[in-house]
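Following: one structure in structure tokens, then a few remarks.
The values are calculated or read from the model by the stated rules, or taken from the named source; none is laboratory data. Since we're looking at a predicted model, the values are computed, not measured. All Cβ positions, even for glycine, are placed from backbone atoms using ideal geometry, and neighbour counts span all protein chains on display.
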Amino acid sequence: MNIFIRVFLVFASASIASLLIVRDVSAQSFPDRPIRLVVPYPPGGTVDILARALSEGLTPLLKQPVIVDNRPGAGGTLAAAYVAKSPGDGYTLLVSDVGPLAIARSGYKNLPYDTLKDFAPVTIATVSSLDLAIHPSVGVKTVKEFIALAKSKRGQINYASSGVGSVMHLAGELFNMMAGVELVHVPYKGGAGAVTALLGGEVAVSFSALPTTLPYANVGKVKILGITMDKRSQLAPGLPTISEAAVPGYNVTVWQGVVAPATTPRQIVAQLNAGIIEVLKKPEINARLTRLGFDVVWSTPEEFAKYIRAETGKWEKVVKNANIVIE
């Protein structure tokens, strides 16, 4: 072998080995400075609530400050792009929901990140349900009755959502596809606006967060016909799922979880996974999230990656079928 080639190979091998050693040492010393949990929405929302619960639990566990960093804009995609382009060292994480991590891939024309390639999933953390709620003036009592009414008034019944491309919007479009109806989408600025429109009778229907709508249902201001998840909610076990009531297989789950930049070492991802799960198991944090309507869950990084891929494929079909373009 040529002497110059041998020298090159020796130096190349040494360089690779040194990089691996530095990477391993970095993982072993993690964390040695504050960690940021980037939230793609303003303070006070469900994702922010989860992030602050994780911050509270992780700070003493990791012995480093865990700071919540709210970066709203563009349906959550600004924050997701920021984290995707951040160093993969475990110190910048994204706490997000289905929107930026699954729906955005097919809804945005020029998404500045790849949801399936630019993140290292850490764990899913919570799941919750939307509901199919109607204004009392609609006058039906069951999902079956509502579907029959919607078929007789095709294109005449409006439903509210929190915005174009939101999970509430897509829940309605999936219902259209699977129930064979044609509800007309009316977007509002946020879930609160959608519920207000339903209460005022501006729209007949909404697909809204169950914890938001349930208090109004309890006093007769709206009627909840069913919930979107494929299992009954512990918040209102008497409410049927839409799947069991009339549309077999219908399932819309609002999930939240944590991801890191794709280049984050596996050892650090595993450490974060273990720490977050330990926090989610804490009785006081678990109980707090449960009271707010979340089912607290967790997973391995591999399980969460598989789930994100499945959700991405599911919503891609809905977005294409409904010709949805998110601006």
Problem - Elements of type helices (runs of 4 or more DSSP H) contained in region 1-107, each with 3 or more residues being at pLDDT below 95 - result: 3-29, 46-62, 104-107
Completion exercise
Residues of region 300-327 being in a loop (DSSP other than H, G, I, E, B) and either surrounded by 18 or more Cβ atoms within 10 Å (Cβ to Cβ) or not polar (S, T, N, Q) (or both), in sequence order, are Ile324, Val325, Ile326, Glu327
Practice task
Check whether at least one residue in region 126-137 is of a type in the set (Gly, Ala, Ser) and touching an Asp or Glu at 6+ places or on another chain (Cβ under 7 Å), and report yes or no.
Solution key: yes
Practice task
Could you identify the single residue in Ala209, Ala194, Ala245 that is over 21 Å from Tyr307 (Cβ atoms) and crowded, with 21+ Cβ neighbours inside 10 Å?
Solution key: Ala194
Exercise for the section: Please specify each residue of region 144-174 satisfying the condition of being over 30 Å from Pro100 (Cβ atoms), part of a helix (DSSP H, G or I) and of a type outside the set (Asp, Glu). Expected result: Lys144, Phe146, Ile147, Ala148, Leu149, Ala150, Lys151, Ser152
Exercise for the section: Return yes when Val296 is in contact with a Leu (Cβ under 9 Å, 6 or more places away or on another chain), more than 20 Å from Thr59 (Cβ to Cβ) and in contact (Cβ under 8 Å) with a residue 24 or more places away in the chain and no when it is not. Expected result: no
Practice task
Would you be able to say whether some residue in region 289-308 is in contact with an Asp or Glu (Cβ under 9 Å, 6 or more places away or on another chain), aliphatic (A, V, I, L, M) and more than 23 Å from Leu111 (Cα to Cα)?
Solution key: yes
Completion exercise
Note on Asn110: of the conditions (1) farther than 27 Å from Val68 by Cα; (2) surrounded by 22 or more Cβ atoms within 10 Å (Cβ to Cβ); (3) not assigned by TED's automatic domain parsing to the domain that holds Val186, unmet is (2)
